[in-house]
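S.K.: One structure, pasted below without further comment.
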Amino acid sequence: MEFEGINFKDQSLISVLNQIHAKYNYIPEEMMFDLSDRLKISLSKIYGVITFYTGFKLEKPGKHIIRVCTGTACYVNHSEVILEIMRDEFGIEEGKTTEDGKLSVDRVACIGACALAPVMELDGQMVGKLTKKKVMRVLREVFEDD
Amino acid sequence: MTEVRICKGTGCISSGAEKIANEFENLGIEVKQSGCHGLCSKGPIAIVDGVFYGDLKVKDVKLIVEDHIKNGKPVDKLLWDHYTKFEEIPFYKKQTRLILRNCGLIDPENIDEYINKDGYKGLRETLTIKPSDVIDSITRSGLRGLGGAGFPTGLKWKIGSEQKSNIKYVIVNADEGDPGAFMDRAILEGDPHSVIEGLIMGGYAIGATQGLIYVRQEYPLAIKRIKKAIDDAKERGFLGSNILDTDFCFEIEIHEGAGAFVCGEETAMIQSITGERGTPQLKPPYPAVKGLSSKPTIINNVKTWSAVSWIMLHGWEEFFKIGNENCHGTAIFSLTGKIKYSGLIEVPMGMTLREIIFDIGGGMEKGKFKAVQTGGPSGGTIPFDMLDTPVGFESMAKIGSIMGSGGMVVIDDSSCIIDFAKFFIDFCVDESCGKCIPCREGTFQLAKLLDQIITGKANEDTLKLLEELSFAIKNTALCGLGTTAPNPVLSTLKYYRTEYIEHLHGICKAGVCKGMYTIQINQDLCNQCGICQRGCPEEGAITGDRKTSFLIINDLCTECNACRLACPKQCIEVVQ
Ligand code: FES
Ligand code: FES
C-alpha cells in the first residue's frame, strides 16, 4: 500500500481520502495509521470522517462493484426488486462481497440518471431501464469474466 | 453542411450514444456532441439539423444518413409523432429554457461553442460596471436561491459585499441533495461555462478572488467537464489574473464531496470543504458574514449561478418579466416517476403542476395518478385536486410542500402512500448527521411508527403520536434537514388520511404492504400467456395452463409480487 501518486499539497483530509479511494476502492486500515502520522491528524478523527461519508469504504471490495440506485425515482420504479433478484438468484447480499471476491453490491441514493430509473452502475458504467432480464445478463457476464 | 449532434450526457451514454456516434462516423459523417437535452428517457438522441431523433438504434443511423443527410428528407418513421422541429415537441414547447439555454445545443467541452452563443459576453460587460451595480441588477431581477430556500440572491450578495475583509469566497453548491433529481449534474455536464461565468461575476460583485465548486464525487463526468472548462477559460483570459485586461483576478478550485446529503446545507458544506465531518453549525453568523475560514462566503446553487450569467447578459428586466408577481424567472424540475416522459425541464415560475405533469410530461405512463412529490425528503406530497397550484416558493409552501431543489416525482396507484413516506424518513434516518437529538432520534422513531402502520400493528393513537412527534422535530431540530424531515409524513397525513386509516384496518389498496391485500387475475384482460406462472417462485401458487385459464391460489401466495411485475398486460389486480 503506497501513497504513490497521491497529492498532499494544500489538500484537505477529504480530498486525500478521495484520492486514496479512487486508487484502491477502499481505505486500507494501515493507511489510516500512516495518514495520521503524515497529516498530523488524530486517528479517531480520520476514522470519524471516513465513517461519516457514504463514499468511503473500509473493506476491500470485490473485483467488480455494482451500485444499485435506491433514490426516489428508482424506488418508485421498484428498485428493491433488483436487490431481491441479486439475493434470490445469485445469493448476493447488499453491502457484501461474494466469497470469491468477484463482486460487491452496494446501494446508493441517486446516481443522477433518474429518467432511466431503475438504474445501477457496474464499475462506473451506468445501466438504465433495468428489467429482470438485463440484471441477469449483467450478473452473468460478471461471473463469467475472470 | 448538415450538423449532427449527439447527446453525450450520462443518460444517453448509458443508452448507447457512443455506438450511435461511431456508426455515423463509420458512414463518413462528422458528429458533434452535446450535454443532456433533458429527455433522457428517449436516449440515445441525435439532433440532425434541428430534427429530433430519439430511441435510436445503430441500424437507424444508416437510414438517417441515406434519407435525411444525403437526400434532405427526415426519416418519418424515426421521428417523434412526425415532429420535425424539436422545439415543437410538446415536451419542449411549453418550456422556457434560460438556465438550460445551451444544454443539448452546444458541445460542453468546446469553449468556442459557448462563446458563439454569446458566452462570456456578459462577463465583459459586467467588468465595466461597478460591483454595486452588478448586485443591483441581480436584486432587481428578483432572482432567488434555486437550491431550495428561495432566499433573495441580491440580498445575500449585498450582505457579503458589505463585509470588510480582504479575503472572501464564492462557492457553487453542486451537492445535489435530493435523491431523485439530476439537474445539477445535467447543467454541469451540459453547460459548465454558464456556471463558471456566473461565479466569476459573483466574485467580482462581492469582492472575492477565490471561487470553489463543491461537487459530488458520484458525478465523474461532471467533474471532468468542469475541470476542462476551467482550464479553457483560463487560457482565454476569463479566469486568472487581470481578467480581460482589468484589475480583477479570480481563481476557481474544485472540491469533491464524499457522499452526505447534509452537506447541501451551507454550514455543513463549509465543514466538509475544510476536511471535517459535515455537521451543520448554529446560525447566525451566516456564511455571508463568517463562512469558510471565517471569511465572508457566498454559496449559491448551480442553477442560481447559471441564472446569474443569463441575467447579466440579457438584463434584469428580461428575467423579471418571466414568472408571476411573487416569483420571477424560471424553475427547473427533474420530472420522474410513473410519468410518460421523464426528464429535466425548465418552466416559468407560476406554471401549474397540472401543466407540467400532463402537458410536458405527457401524463401517466399506465397507472392512475396518485400524487406528485416535490422537494425530495424535505418536501411534501400533493394530491390530484391541488394540481392547479402554480409553482413558486410561497405557493408550494402553502400546500405543505416546498419548491426544493427541483425533484418532482409522480407516483401512481401502485405506490402505497405510507410506504412512500417511510422511504423518505428512512433516507433521513440514514443521512441525519447525528448532531442534534430531534433529528437523530426523532426520525428514527418516526420510521418505527410508520413501520407499525405498514405491518398492521398500529391504532388511532399511533397516528396521533406520529403527528405530535413530527411537529416536535419540526420545531426543535438544528438545521434545515431536520426541520423539514417530517414534511413527507405531515403532508401525507393531511391529504391521504383515509389511506392511513385503511391500514389501521389491515387494508393496503395499492398492494404493497404485506398481509394487507390479495391479488387475482383479471380473466377479461388475461391472454393466457403463462408468464406469471413461470415467474412465480412458489410451487403451485399459480395453477392452470395455457389452454384453460390461470388462477392464483392465495393460500400459497407469498406476496412476492413476481407475477405482477412479470405480467405484460397488467392483469393481476389487487383486491381486498
Ligand atoms: S433516483 Fe435513481 S438515479 Fe436518481
Ligand atoms: S443524457 Fe441525453 S438527454 Fe439526458
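The values are calculated or read from the model by the stated rules, or taken from the named source; none is laboratory data. Since this is a predicted model, take the numbers as computed values, not measurements. When we count neighbours, we look across all protein chains shown, and the Cβ atoms used for this are built from the backbone with ideal geometry, even at glycine. Surface areas here come from the heavy atoms of the whole protein model, side chains and all, with no ligands, DNA or RNA. Shrake-Rupley method; radii C 1.70, N 1.55, O 1.52, S 1.80 Å.
S.K.: For segment B:20-63, give me each residue that is farther than 20 Å from B:Lys77 by Cβ, in contact (Cβ under 8 Å) with a residue 12 or more places away in the chain and not in a loop (DSSP other than H, G, I, E, B).
M.R.: Matches in segment B:20-63: B:Ala21, B:Val31, B:Lys32, B:Gln33, B:Ser34, B:Cys40.
The rows are residues; the columns are (1) of a type outside the set (Ser, Thr, Tyr); (2) away from chain A (no Cβ under 14 Å); (3) in a helix (DSSP H, G or I); (4) farther than 18 Å from A:Asn18 by Cβ.
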residue: B:Ala222; (1), (2), (3), (4): yes, no, yes, no
residue: B:Ile226; (1), (2), (3), (4): yes, yes, yes, no
residue: B:Ala229; (1), (2), (3), (4): yes, yes, yes, yes
residue: B:Asp232; (1), (2), (3), (4): yes, yes, yes, yes
residue: B:Phe238; (1), (2), (3), (4): yes, yes, no, yes
residue: B:Asp247; (1), (2), (3), (4): yes, yes, no, yes
residue: B:Glu251; (1), (2), (3), (4): yes, no, no, yes
residue: B:Ala258; (1), (2), (3), (4): yes, no, no, no
residue: B:Ala268; (1), (2), (3), (4): yes, no, yes, no
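S.K.: In the set B:Asp55, B:Asp67, which member is farther than 25 Å from B:Ser306 by Cα, more than 12 Å from ligand 2 (Cβ to nearest atom) and open to solvent by 30 Å² or more (accessible area, probe 1.4 Å)?
M.R.: Numbers: B:Asp55 fails: more than 12 Å from ligand 2 (Cβ to nearest atom).
On inspection, the qualifying residue turns out to be B:Asp67.
Quick grid of which residues meet (1) on the phi < 0 side of the Ramachandran plot; (2) within 16 Å of ligand 2 (Cβ to nearest atom); (3) among the aliphatic types (A, V, I, L, M):
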position: B:Leu292; (1), (2), (3): yes, no, yes
position: B:Ile298; (1), (2), (3): yes, no, yes
position: B:Ala307; (1), (2), (3): yes, no, yes
position: B:Ile322; (1), (2), (3): yes, no, yes
position: B:Asn326; (1), (2), (3): yes, no, no
position: B:Ser334; (1), (2), (3): yes, yes, no
position: B:Gly337; (1), (2), (3): no, no, no
position: B:Thr352; (1), (2), (3): yes, no, no
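S.K.: State all residues of segment A:105-142 that are touching a Pro at 6+ places or on another chain (Cβ under 6 Å) and open to solvent by 10 Å² or more (accessible area, probe 1.4 Å); if no residue qualifies, say none. Reasoning before the result, please.
M.R.: Residues of segment A:105-142 that are touching a Pro at 6+ places or on another chain (Cβ under 6 Å), as a first pass: A:109-110, A:130.
Correct list: A:Ala109, A:Leu130.
S.K.: Can we say B:Phe261 is open to solvent by less than 10 Å² (accessible area, probe 1.4 Å) and either closer than 30 Å to B:Pro280 by Cα or small (Gly, Ala, Ser) (or both)? Before you say what the answer is, go through the steps one by one.
M.R.: Values: open to solvent by less than 10 Å² (accessible area, probe 1.4 Å): no; either closer than 30 Å to B:Pro280 by Cα or small (Gly, Ala, Ser) (or both): yes.
Against the criterion (open to solvent by less than 10 Å² (accessible area, probe 1.4 Å) and either closer than 30 Å to B:Pro280 by Cα or small (Gly, Ala, Ser) (or both)), B:Phe261 does not qualify.
S.K.: Name the residue, out of B:Gln373, B:Gln445, that is under 23 Å from B:Glu467 (Cα atoms), part of a strand (DSSP E or B) and either open to solvent by 50 Å² or more (accessible area, probe 1.4 Å) or in contact (Cβ under 8 Å) with a residue 12 or more places away in the chain (or both). Write out each step before concluding.
M.R.: Values: B:Gln445 fails: part of a strand (DSSP E or B).
Of the residues listed, the single one that is under 23 Å from B:Glu467 (Cα atoms), part of a strand (DSSP E or B) and either open to solvent by 50 Å² or more (accessible area, probe 1.4 Å) or in contact (Cβ under 8 Å) with a residue 12 or more places away in the chain (or both) is B:Gln373.
S.K.: Applying the selection to segment A:97-116, what residues are away from every other protein chain (no Cβ under 14 Å) and under 30 Å from B:Val409 (Cα atoms)? Steps first, please.
M.R.: Initial filter on segment A:97-116 (away from every other protein chain (no Cβ under 14 Å)): A:97-105.
Residues satisfying the conditions are A:Ser104, A:Val105.
S.K.: Related question: Going residue by residue through segment A:45-54, is there one that turns out to be open to solvent by 30 Å² or more (accessible area, probe 1.4 Å), within 16 Å of ligand 1 (Cβ to nearest atom), at pLDDT 90 or above and of a type in the set (Lys, Arg)? Working first, answer last.
M.R.: The initial filter retains those residues of segment A:45-54 that are open to solvent by 30 Å² or more (accessible area, probe 1.4 Å), namely A:45, A:47, A:51-52, A:54.
If we keep only those that are within 16 Å of ligand 1 (Cβ to nearest atom) too, we end up with A:54.
If we keep only those that are at pLDDT 90 or above as well, we get none.
Within segment A:45-54 (the criterion being open to solvent by 30 Å² or more (accessible area, probe 1.4 Å), within 16 Å of ligand 1 (Cβ to nearest atom), at pLDDT 90 or above and of a type in the set (Lys, Arg)), the answer is no, since none of the residues qualifies.
S.K.: Okay, next question. Here are B:Glu499, B:Glu539: which of them is at pLDDT below 90, over 30 Å from B:Lys283 (Cβ atoms) and of a type outside the set (Lys, Arg)? Explain how you work it out, then say what you get.
M.R.: Numbers: B:Glu499 fails: at pLDDT below 90.
After ruling out the rest, the residue left standing is B:Glu539.
S.K.: Residue by residue through segment A:79-128, note down the ones that are over 28 Å from A:Lys23 (Cβ atoms), aliphatic (A, V, I, L, M) and either part of a loop (DSSP other than H, G, I, E, B) or in contact with a Gly (Cβ under 7 Å, 6 or more places away or on another chain) (or both).
M.R.: A:Ala115, A:Leu116, A:Ala117
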